[in-house]
Structures are given as structure tokens and as C-alpha cells.
Amino acid sequence: MANGFDPRMTATARPTTVGREGVAYDAGLRSYMLSVYNYMASGVLLTGIVALLFARSGLAAQILLGGGPLKWLIMLSPLAFVMVMSFGIQRLSAGTTQLLFWLFAGVMGLSMSSIFLVFTGQSIAMTFFATAAAFVSLSLWGYTTKRDLSAFGTFLIMGVVGLLVAMLINFFLQSTALQLAVSFIGVLLFAGLTAYDTQRIKSMYFYVQGTDMLGKTAIMGALSLYLDFVNMFTFLLQFMGSRE
């Protein structure tokens with residue numbers, strides 16, 4: 001499954017600035033957040049295009065459904081990109097970080113192409129738009145709320161750890177009931193993380209503005225929101241998706 005990892009597992013401290021007066025009207029902040037959303041949306045678009053083309057080429061069915069080492073290379077490669085970006089962010093240049101983000105989005109497209117082999121195109125589209133609507137609403141709330149979501153975020157990240165353990169267990173059990181439970185909890189967790197990450201990214205701006213970390217932080221923020229969106233989408237697809 002394409003949603004078995006998350007950069008927050010290796011992230012650094014998550015500052016908050018809830019309560020700053022006039023923060024929503026800061027021109028620099030607006031430009032920064034627009035950059036984050038542009039990266040995130042472009043990454044999702046690239047992933048979707050690559051996934052569709054790879055599925056239609058016939059290679060996805062041969063590789064991802066046929067097994068073999070190439071399948072696991074494609075499935076696990078996105079994790080390698082996340083680890084490099086997360087642990088190497090201090091040493092990487094903004095240009096290199098950006099390149100790694102685009103490569104990550106492309107490899108994710110290869111990994112996620114399997115959904116076009118399992119679910120109908122109509123149900124994928126419906127789930128995508130439902131996820132997009134939920135994402136916009138949750139991210140907007142995370143951006144505008146004056147409530148500090150730090151403690152809430154810690155709880156959610158612990159939930160992601162538990163979710164990964166449950167997914168690993170079900171990899172061997174192959175329980176339909178457990179899979180549905182994991183999908184339901186996954187939707188809730190990543191919905192909450194969308195709001196939390198938005199507030200975290202917004203707050204981070206005040207720590208990096210005027211430094212060479214600003215561009216790299218925007219890309220890493222986009223990576224977090226990208227994974228929130230993709231994970232919420234893939235989990236929701238288990239409920240809304242109609243199988244071929």
C-alpha cells in the first residue's frame with residue numbers, strides 16, 4: 001500500500017505561534033503558504049498523471065500484480081526519498097530538495113498506479129474530489145483556528161504509529177474486518193493531521209523567514225500536506241471505491 005510511511009516520524013520540533021495578532025494578514029506568510037500549497041497540488045497532479053499513464057501502459061499490471069523484486073523496489077522507493085529529505089534537510093540545497101520532491105511524487109505515481117487496476121475510474125474520481133473537499137476544509141480550519149493543536153498532533157502521530165503496526169499485522173492475517181477498521185481510523189487520523197500540519201507549517205514560517213531554510217521548509221511542508229492528502233484518499237477509497 002502506498003500510504004505506509006509518513007515524514008512526521010522523522011520530523012524535528014513543531015513550533016506553534018497560535019495567538020499571534022494579525023498573522024493571517026502577513027503578506028510574507030501568505031506568499032509562503034501559497035508556495036506550500038502550489039508545491040503540494042503540483043505534486044499530487046504529477047502523481048496522478050504518472051499513475052494513470054503507468055497503469056494504462058500495461059507495465060503496472062505486469063510488475064505490481066506479478067510480484068518480484070521490481071515491485072518492492074517501486075513500492076519502497078518513496079520511503080527512501082522521504083528519509084533522505086527528512087534527515088538531510090539541513091545539508092540539502094533548496095534546488096536539490098525541490099528535485100527530490102518531484103522525483104518522490106513521480107515514484108509515488110508508479111506505486112499508486114495499482115489503484116487503477118483495482119478500482120473503477122469513476123469511483124477513483126469521486127473519492128478524489130471528496131478528499132479534496134475535506135482537505136480544503138480541514139486545512140483552512142487549521143490555518144485560521146487560534147487553538148494550539150500541538151498536543152493534538154502528538155496524539156495523532158502516536159495514532160499513526162499504531163496504525164502502521166495494525167497494517168503490518170493485517171499483512172499476515174489478511175482480515176477484511178481489520179482492514180476496514182484500519183481504513184476508518186486512517187481517514188480520521190490523516191484528517192486531523194491535515195489541520196495540525198497546516199498550523200505547524202504556518203507557525204514554522206516565523207522561525208525561518210529571512211533565512212536560507214525558507215524555501216526548503218516550504219517544500220517539506222508541502223510534502224507533509226501531500227502525504228496527508230494521499231493517505232486520506234487511499235484510506236477513503238477502501239469505502240467509496242468500486243472494484244473492477
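Is it true that some residue in the stretch 76-96 is hydroxyl-bearing (Ser, Thr, Tyr) and either part of a loop (DSSP other than H, G, I, E, B) or in contact with a Gly (Cβ under 7 Å, 6 or more places away or on another chain) (or both)?
yes
Residues checked against (1) within 18 Å of Val36 (Cα to Cα); (2) of a type in the set (Lys, Arg):
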position: Ser137; (1), (2): yes, no
position: Arg147; (1), (2): no, yes
position: Val161; (1), (2): no, no
position: Ser175; (1), (2): no, no
position: Val187; (1), (2): no, no
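Which of the following residues is under 23 Å from Leu117 (Cα atoms), surrounded by 19 or more Cβ atoms within 10 Å (Cβ to Cβ) and touching a residue at least 24 places away in the same chain (Cβ under 8 Å): Thr234, Thr194?
Residue meeting the stated conditions: Thr234.
So which of Asp228, Asp212 is touching a residue at least 12 places away in the same chain (Cβ under 8 Å), closer than 27 Å to Gly106 by Cα and outside any helix (DSSP H, G or I)?
Asp212
Does the stretch 181-193 include one or more residues that are in a helix (DSSP H, G or I) and more than 20 Å from Leu237 (Cβ to Cβ)?
No; the residues of the stretch 181-193 include none that is in a helix (DSSP H, G or I) and more than 20 Å from Leu237 (Cβ to Cβ).
Does Leu168 satisfy the criteria of being closer than 26 Å to Val84 by Cα, in contact (Cβ under 8 Å) with a residue 60 or more places away in the chain and among the aliphatic types (A, V, I, L, M)?
no
Can you find even one residue in the stretch 130-139 that is aromatic (Phe, Trp, Tyr), under 28 Å from Ala80 (Cα atoms) and modelled with pLDDT of 95 or more?
yes
Just wondering, is there one or more residues in the stretch 110-131 that are over 15 Å from the mean Cα position of the chain (by Cα), of a type in the set (A, V, I, L, M), closer than 21 Å to Ala218 by Cβ and part of a helix (DSSP H, G or I)?
no
Assuming Phe129 fulfils every condition listed in (1) out of contact with any Asp or Glu (no Cβ under 8 Å at 6 or more places or on another chain); (2) loosely packed, with under 15 Cβ neighbours inside 10 Å; (3) within 14 Å of Leu52 (Cβ to Cβ) apart from one, which condition is it?
Status for Phe129: all satisfied but (3).
Taking Met204 as the residue in question, decide whether it is assigned to a helix (DSSP H, G or I), surrounded by 23 or more Cβ atoms within 10 Å (Cβ to Cβ), modelled with pLDDT under 95 and not acidic (Asp, Glu).
yes
Taking Phe235 as the residue in question, decide whether it is out of contact with any helix residue (DSSP H, G or I) (no Cβ under 6 Å at 6 or more places or on another chain), in a helix (DSSP H, G or I) and of a type outside the set (D, E, K, R).
Judged against the criteria, Phe235 is not a match.
Identify all residues within the stretch 54-76 that are buried (at least 17 other Cβ atoms within 10 Å of the Cβ) and either in contact (Cβ under 8 Å) with a residue 40 or more places away in the chain or under 18 Å from Val230 (Cα atoms) (or both); write none if there are none.
Residues satisfying the conditions are Phe54, Ala55, Ala60, Leu64, Ile74, Met75.
I want to confirm something. Restricting to the stretch 28-41 and keeping residues that are under 18 Å from Thr211 (Cβ atoms) and among the hydrophobic types (A, V, I, L, M, F, W, C), which single residue is modelled with the lowest pLDDT?
Checking each candidate, the answer is Leu29.
The values are calculated or read from the model by the stated rules, or taken from the named source; none is laboratory data. Predicted, not measured: the structure shown is a model, and the values here were computed from it. Note that we place each Cβ from the backbone using ideal geometry, even for glycine, and neighbour counts take in every protein chain shown.
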